[in-house]
1. Output wanted: per-residue J couplings in Hz (rounded whole) for region 92-101, from phi through Karplus 6.51 cos²θ - 1.76 cosθ + 1.60, θ = phi - 60°, x for Gly and Pro.
2. Kirkwood Rh, region 33-120, all Cα pairs: how many Å?
3. Sorting check: for 73-82, 88-97, which peptide has the highest mean count of neighbouring beta carbons within 10 Å, and how do the rest follow?
4. Roughly what % antiparallel, to the nearest 5, for the DSSP beta bridges in region 33-120?
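Coordinate-derived values only; no laboratory data. The structure presented is a predicted model; accordingly, all values stated were derived computationally and were not measured. All Cβ positions, glycine included, derive from the backbone under ideal geometry; neighbour counts span all protein chains shown.
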Amino acid sequence: MSQAVEDPLGRIVAVGTARVDEEDIIAVDRVTNDLETAIETQDRGNLGLVVFPIPFRSDLSLRAEEPLRRVEVMDMEGRLVQSSAPNNVLAHLDLRWLNAGLYMVRAQGDSGVTTRTVIKQ
């Protein structure tokens, strides 16, 4: 059974399978684009990392409170699809070539590592 719901605040919640577009369907347990409730809980460091926009279509931006030493984008099976070493508090990733779906963004700074889940439309 599939269920995809957008709440009054614009947060998207999906359980089961969700249609990304006319051709692509992704299977999920639970996805939300509410950064403060779903994604912030995955913070394992003190980077103060903000990833936006979520969902994204082509470019993904990261902002942290300290320089990002390494940024990795992985698919949901843990395969590395892109990495960079921005050495800056801001990073912009051109990910237009990725297929629609869920990805993990792992950011490393001097104080630790933070992982975020993002949605590519």
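1. Karplus-based 3J(HN,Hα) across region 92-101 equals 10, 10, 8, 10, 4, 6, 6, 6, 4, x Hz.
2. Working: mean 1/r = 0.0788 Å⁻¹.
Result for region 33-120 stands at 12.7 Å.
3. Top of the packing list down: 88-97, 73-82.
4. Numbers: 29 of 30 bridges.
The antiparallel proportion sits near 95 percent.
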